[in-house]
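Shown next, in structure tokens, is the structure this report addresses.
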Amino acid sequence: MKIDRPVLSAILRRYGVFGSVIENTPIFNGQRLDMDGVTPRIKSITKVTIENGSSFIVKIVKEKEHPTHIIEQQSVFSQCLHKCGVRVPKRLMADTGKYCSIERVCGNYCSVTVEECLDGKELEFINEKYIAELAQIMANMHSIAVANKCHIDLNTIWNIYDPHSDILQGYQRYSLLPKKYGDSHKGFDWGRYKAIHDTYLQKKNSLQKLWHQLPKYAVQGDFSTNNVIVHEDASINGIIDFNIAGDEVLVNDMVTEGIFICYIMDLDKELAEADRRGLFDTFVREYLRTRVLSKQEKEVINDIYSIVFPFLWTRIEILESCLQRGAILEANAFLEETWEILTTPYFV
Ligand SMILES: Nc1ncnc2c1ncn2[C@@H]1O[C@H](COP(=O)(O)OP(=O)(O)O)[C@@H](O)[C@H]1O
Ligand SMILES: [Mg+2]
């Protein structure tokens, strides 16, 4: 679906931008049918430049998991951060008094947002310096969310008690191993396998009793490198993409998303896989320097780490690959390492 200039100009006018459009560059254009086979799904992201040289990002979305009222809450949160000095793009408000408006585009009613386009390109890799800065930005966002009581009526993909969340993928796959390999892999230490599984559930259940007492506020929820825009001199310009922003227990966002950033994102070519642990230490140290945790938050970080890190999906992929290759000794060593992580406090 190509969005043409008259449509973009009309949208910008509703957002108080009257200069004529001199360039429109599609960044993403997707149109297909939903699972039901009838409802259209639309996602279009366009960079639009007007005659005075200012550029905007116009997002046009029709996806049932991204309803207009949630996009509005995500925009309000993003704009709150912007006003508090966090480097996130400024959101423009439509003539309706809302950030997210409903527009008829190519015959479909879509949710539309307009934001400032940040100069630069997507970050390609992580290193010590970026990790330190990202941790400070995340901690600062958390403090602002608390101070302004920001909320979004949506779970993040890091919610450890929502069986559909991305962070539980690894655990789900671990749970399926007996079905897949139970009969064929006799030398595999199924006793250890089960002990890991049981200990995980025990820890997770006892943590759940404290969960509702922990501060839970709106978070950006996706610090992937492609959502970090860097200037030409490689310094961070800002964080974009509030498309999956939601409410999260803040200390869970720090630990779980911190693990994701440090263990999944591509590394600077100077670094090796073994450096990831050091990057995570840096992440946590810099976060804690910027936002002081409450006593209760401090009490749960070890448990969060010990239930999330062992089941990180990339770790479970390693275990599965051992089993597929029939590398039983390697698989058993992997279980021992997993048991260590699960039962040894990380933060002292
Ligand atoms: N405000 C912005 N400033 C600069 N580039 C942006 C901005 N918003 C989006 N982009 C570009 O568009 C890409 C996709 O947008 P994003 O909001 O991350 O959506 P998603 O990841 O859900 O597709 C980004 O990775 C970035 O390159
Ligand atoms: Mg993105």
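The values are calculated or read from the model by the stated rules, or taken from the named source; none is laboratory data. What you are looking at is a predicted structure, and each value in this text was computed from that prediction instead of being measured. Ideal geometry is used to build each Cβ from the backbone, glycine not excepted, and the neighbour counts take in all protein chains shown.
Annotations for the structure displayed:
- All positions within region 61-81 that are closer than 17 Å to residue 1 by Cβ and in contact with a helix residue (DSSP H, G or I) (Cβ under 8 Å, 6 or more places away or on another chain): 61
- Scope region 9-22; condition surrounded by 12 or more Cβ atoms within 10 Å (Cβ to Cβ) and farther than 20 Å from residue 63 by Cα; matching residues: 9, 12, 13, 14, 15, 17, 19, 21, 22
- Residue match in region 134-147 (condition: among the hydrophobic types (A, V, I, L, M, F, W, C) and outside any helix (DSSP H, G or I)): no
- Answer residue from region 45-95, given it is in contact with a Lys or Arg (Cβ under 7 Å, 6 or more places away or on another chain) and among the polar types (S, T, N, Q) and is nearest to residue 137 (Cα to Cα) among those: 78
- Candidate set: region 30-53, residues that are within 16 Å of ligand 1 (Cβ to nearest atom) and exposed (fewer than 13 other Cβ atoms within 10 Å of the Cβ); chosen: the one nearest to residue 71 (Cα to Cα): 30
- For region 142-157, the candidate set comprises residues that are crowded, with 22+ Cβ neighbours inside 10 Å and more than 16 Å from ligand 1 (Cβ to nearest atom); within that set, the residue that is nearest to the chain's Cα centre (by Cα) is 142.
- From the list 57, 27, the lone residue that is loosely packed, with under 13 Cβ neighbours inside 10 Å, part of a strand (DSSP E or B), at pLDDT 95 or above and within 16 Å of ligand 2 (Cβ to nearest atom) is 27.
- Residue 226 being among the polar types (S, T, N, Q), within 16 Å of ligand 2 (Cβ to nearest atom), within 21 Å of the chain's Cα centre (by Cα) and in a helix (DSSP H, G or I): yes
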